[in-house]
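The values are calculated or read from the model by the stated rules, or taken from the named source; none is laboratory data. It should be emphasised that the depicted structure is a prediction, and the values quoted were computed from it without experimental measurement. Glycine also receives a Cβ, built like all others from the backbone with ideal geometry; neighbour counts cover every protein chain displayed. Surface areas here come from the heavy atoms of the whole protein model, side chains and all, with no ligands, DNA or RNA. Shrake-Rupley method; radii C 1.70, N 1.55, O 1.52, S 1.80 Å.
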Amino acid sequence: MLMRVPVTNQAQVMEFFPLVAEIWREVFTEMIGAKQVERMLQEYQSPGAIWTEIQAGVRYFTLVQEDGKTVGYTAYSLVKPGILYISKLYLHEKARGQGFMREIFTWYDDLARESNRRQQLRVNQNNANAIAVYQHQGFQIVGQEEVMIAPGLVMADYIFENNCHRFQDSI
């Protein structure tokens with residue numbers, strides 16, 4: 001079982017940032033290259049960028065096993081009307097395949113149902129493992145987007161949403 005520990009101050013951000021960097025380098029280096037990973041860590045996943053998001057209302061959580069080991073992190077926002085936007089969802093490679101994603105998505109399902117929102121997330125188009133997990137959890141591709149994050153560095157994502165109708169019947 002995972003505990004979700006809210007990240008509410010800069011000291012907590014600094015404490016879990018080494019895990020952020022480790023996960024990003026492990027997951028994305030082969031997919032998008034070391035140069036783009038380092039750029040993403042500097043621009044979008046740095047402690048300063050994470051803290052700025054928290055101050056803007058993004059809710060970050062470290063994911064901690066019962067033995068106290070932090071194995072990942074997740075973040076979501078309720079900025080867009082009708083959308084629970086899952087902006088981050090990462091597990092350390094040693095924590096994958098243990099059923100934690102189902103547990104995390106059950107929590108997100110409950111949050112979405114309670115707030116009458118559908119879930120949305122983005123995933124790199126080359127991230128076949130994450131795409132398979134999200135589709136298994138009921139998400140469908142509803143769009144795609146390419147963003148130039150720096151000269152020569154393009155972020156190509158699919159936009160996924162869950163089947164928003166599954167919540168309408170239970171409310």
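Distance between the modelled labels on residue 79 and residue 31, one decimal in nanometres: 2.1 nm (7 Å Cα→Cβ projection). Share of carbon and sulfur in the accessible area of the chain stands at 50%, probe radius 1.4 Å.
About the centre of its Cα atoms, segment 7-60 shows a dipole size close to 120 debye [charges on the beta carbon of Lys, Arg (+1) and Asp, Glu (-1) only; nearest 20 debye]. Taking max minus min of the alpha-carbon positions on each principal axis, segment 1-70 gives extents of 33, 28, 16 Å, largest first. Using the alpha-carbon positions of the chain, Rg (one decimal) and Dmax (whole number) come out as 15.7, 47 Å. Label sites at residue 66 and residue 52, each approximated as a point 7 angstrom past Cα along Cα to Cβ, lie 4.1 nm apart. Each Lys and Arg contributes +1 and each Asp and Glu -1, all at the Cβ; summed about the Cα centre of segment 1-125, the dipole is approximately 400 debye.
Counting only protein heavy atoms and a 1.4 Å probe, the chain has 54 square angstrom of accessible area per residue. Full extension of the segment from residue 39 to residue 142, taken as 0.36 nm per residue of separation minus the current Cα-Cα distance, would add 34.4 nm.
Testing the spin-label approximation: label points 7 Å from Cα along Cα→Cβ at residue 3 and residue 132. State their distance in nm. Spacing of the two 7 Å Cα→Cβ label points: 3.2 nm.
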